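Here is the structure we will look at, set down as structure tokens.
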Amino acid sequence: MKAKRVAILSFPHVAMFEIACAVELFGLPRPEFESWYQCEVVSFEHAPLETTAGLQLQAKAVKQLDDYDMLVVPSWPASQSNLPPLLAEQVLRCYQHGKRIVSFCSGSFLLAELGILEGRNATTHWRYAQQFQQRFPNLNYLDDVLYVYDGQIGCSAGSASAIDLGLEIIRQDYGYTVANQVARRLVMSAHRHGGQSQFVETPVLAVPNQFAQSIDWALSHLNEDIDINSLAARANMSRRTFDRKFRSSFNLSPKAWLTQQRLEKAKVLLENEGYSIEKVAELSGFDNSTTMRHHFRKLLSISPNQYRQQFAANSSLSRF
């Protein structure tokens, strides 16, 4: 696989945490992989950039972005509508040429200002949600999600969810095994999905978190017949309280979440094992291969066999 060239856009007062996330995801050398991104932090400014707390950033000065396959916009001033002409021209040129563009946190303001998000789902950090919707009322703004990504254009919500979006991009480019290795180096889970809540009403509990324990149990027993009432009992909750807690945490019903997790397990097996489709369905906890195919078509618009073929180039299973 040819390494994708990544440009991380910097500018005066760029958010340091978000630009560091982008560098950690795409710019950190990873010699353990045969192929990896070729990444540079770029700027349309020629002088060092002033950033937070008096720090100065020296990026690679560029006049165009034609040499890159992917552009990361780590942030953007939420109140700025007067865009630097060259920067605006080049970001639009990336979009018009079908290149991948992703924004972290307030970076979605730049994409929206340029019209790149017209007709697409979009999100940003919850603290900017009202301002974003007022300035761009014609966008399909999604409230309370971690990120949205359609394969070419992506927006993440808060700062940390930039890593979730980055891991999803890595998974699509290099597969689950590589994405999980990167996640382990970041000491975080590789399984947070874009539809999850940006924040949970009660993030810290005063008693041992039996809800989390029930979720962990379900994840390690996906191949079994899991009854939602029994799962609620494991969390020491009534079914009604359990369902409400689930919705606030994952923005999904328990049943839909189980289906999603089983799909994720099936995708891992399809990428990394040579099992038959029937065996993959059994190990993933689906009633049968027909049920699994139904959910692949409904949620991913692709069959299990097509998924395996699509990712065969990134795994040792290309012979299957």
Can you name the residue in region 61-72 that is touching a residue at least 60 places away in the same chain (Cβ under 8 Å) and either surrounded by fewer than 17 Cβ atoms within 10 Å (Cβ to Cβ) or hydroxyl-bearing (Ser, Thr, Tyr) (or both) and is also nearest to His125 (Cα to Cα) among such residues? Tyr68
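Rundown of residues vs (1) touching a residue at least 24 places away in the same chain (Cβ under 8 Å); (2) aliphatic (A, V, I, L, M); (3) farther than 20 Å from Cys155 by Cβ, yes/no style:
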residue	(1), (2), (3)
Gln38	yes, no, yes
Pro48	no, no, yes
Gln58	no, no, yes
Pro74	yes, no, no
Pro84	yes, no, yes
Lys99	yes, no, no
Qualifying residues in region 286-312 (those that are surrounded by 19 or more Cβ atoms within 10 Å (Cβ to Cβ) and of a type in the set (A, V, I, L, M, F, W, C)) - the one nearest to Ser220 (Cα to Cα): Phe286
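A quick yes/no check of all residues on (1) surrounded by 19 or more Cβ atoms within 10 Å (Cβ to Cβ); (2) in contact with a His (Cβ under 6 Å, 6 or more places away or on another chain); (3) of a type in the set (S, T, N, Q):
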site	(1), (2), (3)
Leu139	yes, no, no
Asp143	no, no, no
Ser159	no, no, yes
Leu167	yes, no, no
Gln172	no, no, yes
Identify, please: which residue in region 222-247 is hydrophobic (A, V, I, L, M, F, W, C) and not in a helix (DSSP H, G or I) and is, among those, nearest to the chain's Cα centre (by Cα)? Leu222
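Just the residues that are of a type in the set (A, V, I, L, M), at pLDDT 85 or above and farther than 19 Å from Glu282 by Cα, please, taken from region 202-227.
Result: Ile215, single match.
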Restricting to region 43-60, and then to whatever is closer than 17 Å to Gln90 by Cα and surrounded by fewer than 20 Cβ atoms within 10 Å (Cβ to Cβ), can you tell me which residue is modelled with the lowest pLDDT? His46
Kindly indicate the residue of region 45-63 that is within 27 Å of the chain's Cα centre (by Cα) and part of a loop (DSSP other than H, G, I, E, B) and also nearest to Phe109 (Cα to Cα) among those meeting that condition. Thr51
In region 73-102, how many residues are exposed (fewer than 14 other Cβ atoms within 10 Å of the Cβ) and of a type in the set (Ser, Thr, Tyr)? 2
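A quick yes/no check of all residues on (1) more than 23 Å from Leu92 (Cα to Cα); (2) in a helix (DSSP H, G or I); (3) assigned by TED's automatic domain parsing to the domain that holds Val14:
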residue	(1), (2), (3)
Gln134	no, yes, yes
Asn138	no, no, yes
Gly158	yes, no, yes
Ile163	yes, yes, yes
Ile169	no, yes, yes
In region 34-53, what residues are under 18 Å from Asp173 (Cβ atoms) and either in contact with a Gly (Cβ under 7 Å, 6 or more places away or on another chain) or of a type in the set (D, E, K, R) (or both)? Glu34, Cys39, Glu40
Restricting to region 43-81, give me the number of residues that are aliphatic (A, V, I, L, M), touching a Leu at 6+ places or on another chain (Cβ under 9 Å) and more than 16 Å from Met16 (Cβ to Cβ). 2
Can you tell me which condition Leu283 does not meet? The list is (1) closer than 18 Å to Leu219 by Cβ; (2) surrounded by fewer than 20 Cβ atoms within 10 Å (Cβ to Cβ); (3) within 22 Å of the chain's Cα centre (by Cα), and all the others hold. (3)
Check region 112-121 and report whether any residue there is within 24 Å of Val23 (Cβ to Cβ), part of a loop (DSSP other than H, G, I, E, B), in contact with a strand residue (DSSP E or B) (Cβ under 9 Å, 6 or more places away or on another chain) and at pLDDT 95 or above. yes
Number of the exception - Pro31 against (1) within 30 Å of Gly175 (Cα to Cα); (2) surrounded by fewer than 14 Cβ atoms within 10 Å (Cβ to Cβ); (3) in contact (Cβ under 8 Å) with a residue 12 or more places away in the chain; (4) of a type outside the set (Gly, Ala, Ser): (3)
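The values are calculated or read from the model by the stated rules, or taken from the named source; none is laboratory data. What you see is a predicted model; the values in this text were computed from it and never measured. Cβ coordinates were reconstructed from backbone atoms using ideal geometry, including for glycine residues, and neighbour counts include every protein chain displayed.
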